[in-house]
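In what follows, a single structure is set out as structure tokens and then discussed.
The values are calculated or read from the model by the stated rules, or taken from the named source; none is laboratory data. Quantities reported herein were computed from a predicted structural model and do not represent experimental measurements. Note that each Cβ is placed from the backbone with ideal geometry, even for glycine, and that neighbours are counted across all protein chains shown.
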Amino acid sequence: MGDGLNILLVEDNLLNQRIVTFSLKKYNHDVIIANNGIEAIDKFREYKFDVILMDIMMPVMDGLEATAKIREIENSDHIAKRTPIIALTANTMDNDRDKCISYGMDDFMAKPFDIEKLKSIFSELKIPV
């Protein structure tokens, strides 16, 4: 992998996958894509990620359930460093943000994707850009 962050992008929409991946690769970040929550869990078990960008509404398993499962894995495996998970969603009501946080996400970002907003979130979470 490159000299940037190792990022898991969990997103079922192909256009969104392309936009986010293109934006992140400009900063030398490596992006691995999961199309749903089940794939996200499998990839989380297989690779080490610096951050996870998690869509909420997906087929097979949504982002909330996938986040809860990832947090269970981290706890059961006694993983010392919790992987930051940032919600990517079109749902932007205050209670949507609260729900994401209650499932174990670290922050919340509304779609459409905005690299400057993501960089700001990374800064707040002390994730090196």
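Below is a table of values for the structure above.
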{"item": "Complete set of residues in the stretch 38-65 that are out of contact with any Ser or Thr (no Cβ under 9 Å at 6 or more places or on another chain) and among the acidic types (Asp, Glu)", "result": "Glu39, Asp42, Glu46, Asp62, Glu65"}
{"item": "Test: residue in the stretch 117-126 that is modelled with pLDDT of 90 or more, in a strand (DSSP E or B) and of a type in the set (D, E, K, R)", "result": "no"}
{"item": "Top-ranked residue in the stretch 40-94 [being among the small types (Gly, Ala, Ser) and out of contact with any strand residue (DSSP E or B) (no Cβ under 9 Å at 6 or more places or on another chain); ranked as surrounded by the most Cβ atoms within 10 Å (Cβ to Cβ)]", "result": "Ala68"}
{"item": "Any pair with Cβ under 6 angstrom, 6 or more apart, that starts in the stretch 107-118 at a residue that is of a type in the set (Val, Ile, Thr) and ends at one that is surrounded by 15 or more Cβ atoms within 10 Å (Cβ to Cβ)", "result": "Ile115/Ser23"}
{"item": "Filtered residues of the stretch 40-77 (kept if in a helix (DSSP H, G or I), under 17 Å from Asp106 (Cβ atoms) and of a type in the set (A, V, I, L, M, F, W, C))", "result": "Ala40, Phe44, Leu64, Ala66, Ala68, Ile70, Ile73"}
{"item": "Output for the stretch 105-117, where each listed residue is of a type outside the set (Phe, Trp, Tyr) and buried (at least 17 other Cβ atoms within 10 Å of the Cβ)", "result": "Met105, Asp106, Asp107, Met109, Lys111"}
{"item": "Sole residue being free of Cβ contacts under 8 Å to residues at least 24 places away in the same chain and touching a Lys or Arg at 6+ places or on another chain (Cβ under 9 Å), chosen from Glu74, Glu46", "result": "Glu74"}
{"item": "Residue that is modelled with the highest pLDDT, among those in the stretch 91-114 that are under 28 Å from Arg45 (Cβ atoms) and of a type in the set (A, V, I, L, M)", "result": "Met105"}
